[in-house]
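Notes to accompany the following structure.
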Amino acid sequence: MKAQSRVLLLGIDTPIGLAIVRELAQHGVEVHGIAHDRAALGLYSRYLTQAHFRKSSREGVARQVVALAHALKPCHVMAISEGDIALLNNHRSLFGEIRLLIPTAENMAWVLDKTKTYVMAEPLGIQVPKSFKLRSMDDWDTIMPRLYFPVVLKWRDPNAVAAKLSAAGLKLEKMIYCHNPADLHAVLTPYIAIGEFPLVQEYCPGYGLGQFVFMHKGNALLTFQHRRVSEWPPEGGFSSTCEAVPLTEHRVLMEKSIALLRSIGWEGVGMVEYRFDPLTGQAALMEINGRFWGSLPLAYHCGAAFGWLTYAVHGNDEHPGIPKSRDDLRCRFMIPETKRLLRILFQPHLIQDRSLHFGRWRELGRFILEFLRPGVRYYVFSFRDPMPFFVDIALSLVSRVRSVVRRQL
């Protein structure tokens with residue numbers, strides 16, 4: 001092995017960053033992390049060597065990362081969020097010989113824009129959802145005869161439109177369900193103010209199926225897959241409980257996912273996300289995540305060491321042997337999982353997808369019994385590194401109390 005270097009990790013706030021800290025440190029890598037604030041989970045991990053707090057401006061953060069990386073040499077730099085990946089790519093020239101273990105801006109352009117992704121996927125035999133793009137509300141009469149409700153609204157590239165939405169006082173929604181033309185018109189109308197509209201997509205039934213691949217020079221060095229057992233919000237968003245799926249399942253689909261990543265020249269970690277309908281056996285492509293994904297803790301617990309492989313291959317030009325990962329574990333993100341249960345029990349009218357029907361007693365029973373299931377792990381809690389969990393719970397309770405107090409004032 002080459003001389004040991006350090007990693008400077010931009011984004012230790014979430015379970016994703018926490019999993020990377022744990023995984024790299026357990027492979028003997030010295031991890032320095034940059035956090036937004038004191039609520040960052042990675043701050044409290046026993047595996048973090050040193051913590052820093054990010055500057056307030058984006059340019060300030062860029063200068064901070066450059067300075068820290070040079071001070072920590074030998075050092076590689078990793079980042080979690082798409083925004084931070086874009087920031088580092090914009091300042092690549094300042095890092096000199098320090099390696100940025102992130103996708104290039106050219107690669108990210110392919111995966112951030114869903115329409116580009118779909119264009120590359122269809123010739124490979126991958127099913128994509130029918131999508132309609134409005135240039136203005138004048139297109140309303142053109143697309144209406146082609147729609148079947150419900151439909152789902154998603155931004156083609158959320159990062160590209162976030163600033164415009166914020167300036168107009170509009171919230172960036174990951175997805176919105178519309179059940180009839182009146183719903184759709186009401187949702188689209190506010191976007192006239194920014195002159196951009198989300199994609200209007202057909203509804204794809206089923207559950208979330210994620211296929212995870214580490215690509216290097218056109219080859220898949222590591223693969224893993226999971227299905228979403230439950231999500232927050234319940235109608236779809238991100239995994240609150242997920243479970244590993246044996247690689248003997250969905251083999252043809254995995255081959256297509258690898259072919260898709262190869263076709264765009266992808267390098268490094270990538271998640272190809274589908275909606276899989278068990279009734280028809282059809283999988284519809286949702287998107288590619290060109291970064292470490294939200295359910296990374298499951299891969300970490302299963303031994304699918306995507307973070308370590310990124311460090312070794314892209315940082316040290318090595319190809320370490322990765323033992324076969326487990327495929328019999330589930331992983332729970334307890335705060336969103338608890339919010340999901342409360343939504344189902346007490347606010348079912350707020351669930352946007354009206355085709356979903358949850359048995360309250362069944363969901364309550366599953367929530368409790370999962371604690372007794374031997375093959376369950378957790379996004380945050382770890383017996384070897386428990387402090388991030390307890391701090392997370394404490395901060396959540398404090399936030400909840402403050403919210404209640406503000407409402408009563």
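The values are calculated or read from the model by the stated rules, or taken from the named source; none is laboratory data. Predicted model, so just to flag it, every value in this text is computed and none were measured. A quick note on method: Cβ atoms are made from the backbone with ideal geometry, for glycine too, and the neighbour counts reach across all protein chains shown.
Examine segment 368-385 for a residue that is farther than 20 Å from Cys242 by Cβ and loosely packed, with under 14 Cβ neighbours inside 10 Å, and state whether such a residue exists. Looking for residues that are farther than 20 Å from Cys242 by Cβ and loosely packed, with under 14 Cβ neighbours inside 10 Å, one finds at least one in segment 368-385, hence yes. Scanning segment 88-105 for any residue that is more than 19 Å from Leu260 (Cα to Cα), of a type in the set (Asp, Glu) and without any contact (Cβ under 8 Å) to a residue 60 or more places away in the chain turns up at least one such residue.
Tally the residues that are without any contact (Cβ under 8 Å) to a residue 12 or more places away in the chain and over 22 Å from His91 (Cβ atoms), restricting the search to segment 39-70. Counting residues in segment 39-70 that are without any contact (Cβ under 8 Å) to a residue 12 or more places away in the chain and over 22 Å from His91 (Cβ atoms) gives 0.
If we only count strands (runs of 3 or more DSSP E) wholly inside segment 188-247, which ones have 1 or more residues that are acidic (Asp, Glu)? Break it down stepwise before answering.
Values: elements: 199-202, 207-216, 219-232, 238-244.
Answer list for segment 188-247: 199-202, 219-232, 238-244.
Quick one: which of Gly237, Gly210 is over 24 Å from Arg262 (Cα atoms), touching a residue at least 60 places away in the same chain (Cβ under 8 Å), under 14 Å from the mean Cα position of the chain (by Cα) and in the same structural domain as Arg275 (by TED's automatic domain parsing)? Walk me through it before giving the result.
Details: Gly210 fails: over 24 Å from Arg262 (Cα atoms).
Matching residue, one of Gly237, Gly210: Gly237.
Every condition in (1) out of contact with any His (no Cβ under 8 Å at 6 or more places or on another chain); (2) at pLDDT 95 or above holds for Pro320 except the one numbered (2).
Look at segment 352-396 and say how many of its residues are assigned to a helix (DSSP H, G or I) and either within 25 Å of the chain's Cα centre (by Cα) or in the same structural domain as Thr49 (by TED's automatic domain parsing) (or both).
Looking only at segment 352-396, we keep the residues that are assigned to a helix (DSSP H, G or I), and these are 360-372, 387-396.
Imposing the further condition that a residue be either within 25 Å of the chain's Cα centre (by Cα) or in the same structural domain as Thr49 (by TED's automatic domain parsing) (or both) reduces the set to 363, 366-367, 370-371, 387-396.
Qualifying residue count, segment 352-396: 15.
Of the residues Gln347, Gln408, which is free of Cβ contacts under 8 Å to residues at least 12 places away in the same chain and within 30 Å of Cys178 (Cβ to Cβ)?
Working: Gln408 fails: within 30 Å of Cys178 (Cβ to Cβ).
It is Gln347.
Listed conditions (1) under 28 Å from Leu298 (Cα atoms); (2) part of a loop (DSSP other than H, G, I, E, B); (3) not aromatic (Phe, Trp, Tyr) are all met by Ala109, apart from (2). Filtering segment 154-175 to residues that are within 21 Å of Ile351 (Cβ to Cβ), surrounded by 13 or more Cβ atoms within 10 Å (Cβ to Cβ) and in contact (Cβ under 8 Å) with a residue 40 or more places away in the chain leaves Lys154, Met175. Would you say Leu279 is outside the structural domain of Ile80 (by TED's automatic domain parsing), modelled with pLDDT of 95 or more and either out of contact with any Ser or Thr (no Cβ under 8 Å at 6 or more places or on another chain) or surrounded by fewer than 23 Cβ atoms within 10 Å (Cβ to Cβ) (or both)? Yes: the conditions hold for Leu279.
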